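Q: I have a structure here, written as structure tokens, and I will follow up with some questions on it.
The values are calculated or read from the model by the stated rules, or taken from the named source; none is laboratory data. These figures come from a predicted structure and were not determined experimentally. Note that we place each Cβ from the backbone using ideal geometry, even for glycine, and neighbour counts take in every protein chain shown. Just the protein is used for accessible areas: all its heavy atoms, side chains included, with ligands, DNA and RNA removed. Shrake-Rupley method; radii C 1.70, N 1.55, O 1.52, S 1.80 Å.
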Amino acid sequence: MQNAVIVDVVRTPRGKGKPGGALSGIHPQELLAGVLRELEKRTGLDPGDVEDVLTGCANAVGDHGDCIARMSVLAAGWPEHVPGLTMNRFCGSGQQAYNSAAMMVAAGQADIVVASGVEMMSRYPAAGGRLTLDGANEKLRARHPLVPQGVSADLIASLDGVSRAAVDAYALESQVRAAAAIADGRFAKSMVPVLAEDGSLVLDREELPRGTSLDKLGQLKASFEQLGTAVLDGYDRSFDDMCREVYPQVAAVEHVHHAGNSSGLADGAAAVLITSEQAAREHGWRPRARIIAGASIGAEPVIMLTAPGPATARVLAKAGMSLSDIDLFEVNEAFASVVLRFLRETGVDHDRVNVNGGAIALGHPIGASGPILLATLLDELERRDLSTGVVTMCTGGGMGTATVIERI
């Protein structure tokens with residue numbers, strides 16, 4: 001076994017994931033291709049040496065389809081012999097890309113791999129009435145009555161006794177931390193501007209953060225109450241009723257999440273150059289960190305979003321480490337209750353978790369979020385001269401992903 005090391009990480013700013021967002025006019029293949037070219041430029045990488053490009057993308061249909069990994073390699077002008085593989089583990093897709101790249105390197109199956117992620121939620125096709133992740137499989141629905149993720153987040157809050165005030169307070173802190181990080185330039189090292197074909201600037205800053213207050217957050221209507229309580233076409237009961245079938249101890253699902261304490265829809269792309277130590281030496285690269293361990297895990301699929309804690313426990317066991325060995329954590333802020341449960345389960349102090357804010361303030365470009373969180377973590381470890389960090393994410397269908405890195 002050989003060590004897998006991170007040579008560098010680059011990413012775009014996160015754009016608003018809706019029509020009219022700054023990045024929305026760019027084809028997702030071109031957005032990722034620009035990141036690949038920037039990684040090439042910053043590291044002096046000869047793209048002909050890349051043995052594979054792994055790309056996380058959670059909604060690989062339409063202009064995200066047709067193996068966006070391979071198409072982005074071609075769009076970047078990289079040699080035709082460089083292959084691409086598109087991966088889907090829902091929100092953990094991009095993180096799975098670099099966990100899998102590290103496995104390839106550790107196993108000696110490759111020496112130079114690019115792990116990446118892309119998602120442009122502004123360009124998603126119409127949902128067509130599909131609200132859950134069961135593929136309209138009635139037999140699966142009878143066994144696991146999956147509900148929309150926002151209802152799952154409210155179910156977590158209901159089970160944990162988390163109030164609307166608590167999730168709003170967490171959301172405000174995410175905004176405050178993100179604003180401080182932006183003002184201090186903490187995202188600048190890994191973030192690269194997105195340019196149009198004529199060289200004009202499209203976006204060079206995070207587009208989603210906004211000023212808010214507890215009073216403003218308190219005025220927002222719960223986003224998933226109507227969805228949870230209504231009986232929709234094609235269903236014989238409400239999503240809240242489906243939750244109570246699996247969790248009868250919940251008298252009623254308390255709907256506490258809204259646009260201000262949930263992750264923002266976003267566009268973005270990111271890429272990580274992962275190599276063996278020998279390849280790094282041969283190419284004159286000074287690696288920034290090594291990937292100590294990666295892991296994934298399943299969780300009960302109706303509540304769906306509870307796996308960051310168990311995934312972290314699994315990856316730390318594989319690394320032979322404990323929570324106290326980790327300096328900083330990045331826990332994807334899919335919804336406020338997800339991170340609050342992680343804090344409660346692990347006992348990790350909030351001062352070590354999402355220190356520069358998270359997806360509630362900055363947005364969640366699904367497939368790109370894993371590599372973006374890795375960039376955020378590595379940059380902050382270097383800024384603070386700390387050593388170890390964990391990235392962990394909940395994913396659709398009741399799964400979680402986690403990675404341990406250590407600076408070199």
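Q: So the check is Cβ under 8 Å with 6+ separation or different chains; which pairs have a first residue in region 72-99 that's at positive phi and aromatic (F, W, Y) and a second one that's open to solvent by 10 Å² or more (accessible area, probe 1.4 Å) and modelled with pLDDT under 95?
A: So the pair list comes out as F90/L133.
Q: Here is a follow-up. Scan E197, E207 and give me the residue that is among the acidic types (D, E), within 20 Å of the chain's Cα centre (by Cα) and in a loop (DSSP other than H, G, I, E, B).
A: Every option except E207 fails the conditions.
Q: Hey, does region 305-316 have a residue that's in a strand (DSSP E or B), of a type outside the set (A, V, I, L, M), open to solvent by less than 10 Å² (accessible area, probe 1.4 Å) and within 17 Å of V391 (Cβ to Cβ)?
A: Checked region 305-316: no residue is in a strand (DSSP E or B), of a type outside the set (A, V, I, L, M), open to solvent by less than 10 Å² (accessible area, probe 1.4 Å) and within 17 Å of V391 (Cβ to Cβ).
Q: Could I ask something else about it? Just give me the residues in region 39-71 being surrounded by 21 or more Cβ atoms within 10 Å (Cβ to Cβ) and over 25 Å from M393 (Cα atoms), in sequence order.
A: Of everything in region 39-71, those that are surrounded by 21 or more Cβ atoms within 10 Å (Cβ to Cβ) and over 25 Å from M393 (Cα atoms) turn out to be L45, V50, M71.
Q: Pairs please, first residue from region 247-270 and in contact (Cβ under 8 Å) with a residue 24 or more places away in the chain, second anywhere and assigned to a strand (DSSP E or B) and open to solvent by less than 10 Å² (accessible area, probe 1.4 Å), Cβ atoms under 6 Å, 6+ apart in sequence or on different chains.
A: As it stands, the answer is S263/H364; A266/H364; D267/G15; D267/M120; A269/V118; A270/R11; A270/G117, since those pairs meet every condition given.
Q: Restricting the first residue to region 155-179 and requiring it to be farther than 14 Å from Y247 by Cα and in contact (Cβ under 8 Å) with a residue 60 or more places away in the chain, which pairs with a second residue that is crowded, with 17+ Cβ neighbours inside 10 Å and aromatic (F, W, Y) meet a Cβ separation below 8 Å and a spacing of at least six or different chains?
A: V167/F335
Q: Another question, then. Here are some conditions: (1) surrounded by fewer than 19 Cβ atoms within 10 Å (Cβ to Cβ); (2) among the polar types (S, T, N, Q); (3) in a helix (DSSP H, G or I). N99 meets all but one. Which one does it not meet?
A: (1)
Q: When region 107-159 is examined, which residues are found to be open to solvent by less than 40 Å² (accessible area, probe 1.4 Å) and part of a helix (DSSP H, G or I)?
A: M121, S122, R141, G150, V151, S152, A153, D154, L155, I156, A157, S158
Q: Which residue out of R186, R164, R177 is out of contact with any strand residue (DSSP E or B) (no Cβ under 7 Å at 6 or more places or on another chain), within 18 Å of V331 (Cβ to Cβ), among the charged types (D, E, K, R) and surrounded by 14 or more Cβ atoms within 10 Å (Cβ to Cβ)?
A: Exactly one residue qualifies, and that residue is R186.
Q: Could you grab me the full set of residues in region 84-96 that are outside any strand (DSSP E or B) and open to solvent by 10 Å² or more (accessible area, probe 1.4 Å)?
A: Within region 84-96, N88, F90, Q96 meet the criteria.
Q: While we're on this one: Hey, among K221, K216, which residue is basic (K, R), at pLDDT 95 or above and exposed (fewer than 12 other Cβ atoms within 10 Å of the Cβ)?
A: K221
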